[in-house]
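Notes for the one structure printed next.
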Amino acid sequence: GAGVSQTPSNKVTEKGKYVELRCDPISGHTALYWYRQSLGQGPEFLIYFQGTGAADDSGLPNDRFFAVRPEGSVSTLKIQRTERGDSAVYLCASSFQGGEAFFGQGTRLTVV
Amino acid sequence: SQQGEEDPQALSIQEGENATMNCSYKTSINNLQWYRQNSGRGLVHLILIRSNEREKHSGRLRVTLDTSKKSSSLLITASRAADTASYFCATDAGTYKYIFGTGTRLKVLA
């Protein structure tokens, strides 16, 4: 597509529920990144895919967070048993071989 | 964890003035990128500068990189109200994992 697409743009969920956030990267981009951004902070690295595999998942805060990219394109970030502290904007980016990373508009997750 | 720190945290200038933001980082890098963010949502890529480059220009933007001091600066010349945004640097240490700084909030007054 023309840019990185993230859905939904906003998600409100109850504490304890499961959520999935989707990212559709720029066509042909091999690398895909997930970041989390809290108010007033810079984006915090979560996970990076090269193709289908997670090349670096060192930023995932705990085992409630999981991400997949089964066909090397679309990725889904999954959060189990959501907590109020998970509330943030989740940003996805894609790039080709370590070049400029292009970001989507993000999903604002609110856990109530 | 955040690798970079932008300085100043906030900057307020008059339209037409130049704005300079600085970024310091801790480890050796392959490249450094500058981004702009409006209203806390998507980041817009501005410039990528590689470790073997010292300066790059793009329109009203000028970026410098000093690897010996582990620092970079972003200069916006002849600022406009539309330049009001948060600006972030992001570094890649060769692992393709971009680590962001804490950002500079720029306000350009008309």
query: Which condition does B:ALA93 not pass, out of (1) surrounded by fewer than 18 Cβ atoms within 10 Å (Cβ to Cβ); (2) away from chain A (no Cβ under 14 Å), if it passes all the others?
result: (2)
message: Can you tell me how many residues within region B:26-50 are more than 20 Å from A:GLN37 (Cβ to Cβ) and surrounded by fewer than 16 Cβ atoms within 10 Å (Cβ to Cβ)?
response: 5
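How many of the residues making up region A:40-62 are of a type in the set (D, E, K, R) and touching a residue at least 12 places away in the same chain (Cβ under 8 Å)? Walk me through it before giving the result.
Looking only at region A:40-62, we keep the residues that are of a type in the set (D, E, K, R), and these are A:44, A:56-57.
Keeping just the survivors that are touching a residue at least 12 places away in the same chain (Cβ under 8 Å) gives A:44.
Matching residues across region A:40-62 total 1.
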query: Is it true that some residue in region A:2-18 is within 13 Å of the chain's Cα centre (by Cα), more than 14 Å from every other protein chain (Cβ to nearest Cβ), surrounded by fewer than 16 Cβ atoms within 10 Å (Cβ to Cβ) and assigned to a strand (DSSP E or B)?
result: no
- prompt: Which condition does B:SER79 not pass, out of (1) more than 10 Å from chain A (Cβ to nearest Cβ); (2) polar (S, T, N, Q); (3) exposed (fewer than 14 other Cβ atoms within 10 Å of the Cβ), if it passes all the others?
  reply: (3)
message: Tell me which strands (runs of 3 or more DSSP E) are completely within region A:20-95 and hold 2 or more residues being more than 9 Å from chain B (Cβ to nearest Cβ) and over 18 Å from B:LYS97 (Cα atoms), or say none if there are none.
response: A:75-79
message: Against the definition (surrounded by fewer than 21 Cβ atoms within 10 Å (Cβ to Cβ), closer than 21 Å to B:SER39 by Cβ and among the hydroxyl-bearing types (Ser, Thr, Tyr)), how does A:SER58 come out, yes or no?
response: no
task: Note down all Cβ pairs under 8 Å where the first residue falls in region B:23-35 and is small (Gly, Ala, Ser), the second is surrounded by fewer than 22 Cβ atoms within 10 Å (Cβ to Cβ) and outside any loop (DSSP other than H, G, I, E, B), and they're at least six residues apart or on different chains.
output: B:SER24/B:GLU5; B:SER24/B:ASP7; B:SER24/B:SER71
- prompt: Would you say B:LEU46 is under 13 Å from the mean Cα position of the chain (by Cα) and within 12 Å of chain A (Cβ to nearest Cβ)?
  reply: yes
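Going by the structure shown, is B:TYR87 within 18 Å of A:LEU32 (Cα to Cα) and crowded, with 22+ Cβ neighbours inside 10 Å?
For B:TYR87, the condition - within 18 Å of A:LEU32 (Cα to Cα) and crowded, with 22+ Cβ neighbours inside 10 Å - is not met.
Considering only residues that are outside any strand (DSSP E or B) and at pLDDT 90 or above, look in region A:96-112 and name the one that is farthest from the other protein chains (Cβ to nearest Cβ). Give the steps one after another, and end with the answer.
Step one: of region A:96-112, the residues outside any strand (DSSP E or B) are A:96-101, A:104-106, A:112.
After this cut, where a residue has to be at pLDDT 90 or above as well, the list is A:104-106, A:112.
Values: A:GLY104: 6, A:GLN105: 4, A:GLY106: 5, A:VAL112: 19 Å.
My answer is A:VAL112.
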statement: Those residues of region B:92-110 which are in contact with a Phe, Trp or Tyr (Cβ under 8 Å, 6 or more places away or on another chain) and on the phi > 0 side of the Ramachandran plot amount to B:TYR96, B:GLY103
message: Checking the structure you have, find out if any residue of region A:20-42 is modelled with pLDDT of 95 or more and farther than 26 Å from B:SER86 by Cβ.
response: yes
Residue check, B:SER72 at the interface with another protein chain (Cβ under 9 Å from one of its Cβ atoms), in contact (Cβ under 8 Å) with a residue 40 or more places away in the chain and within 13 Å of the chain's Cα centre (by Cα): no
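The values are calculated or read from the model by the stated rules, or taken from the named source; none is laboratory data. Nothing here was measured: the structure is a model prediction, and the numbers come from that model. As a convention, Cβ positions derive from the backbone with ideal geometry for all residues, glycine included, and neighbour counts pool all protein chains shown.
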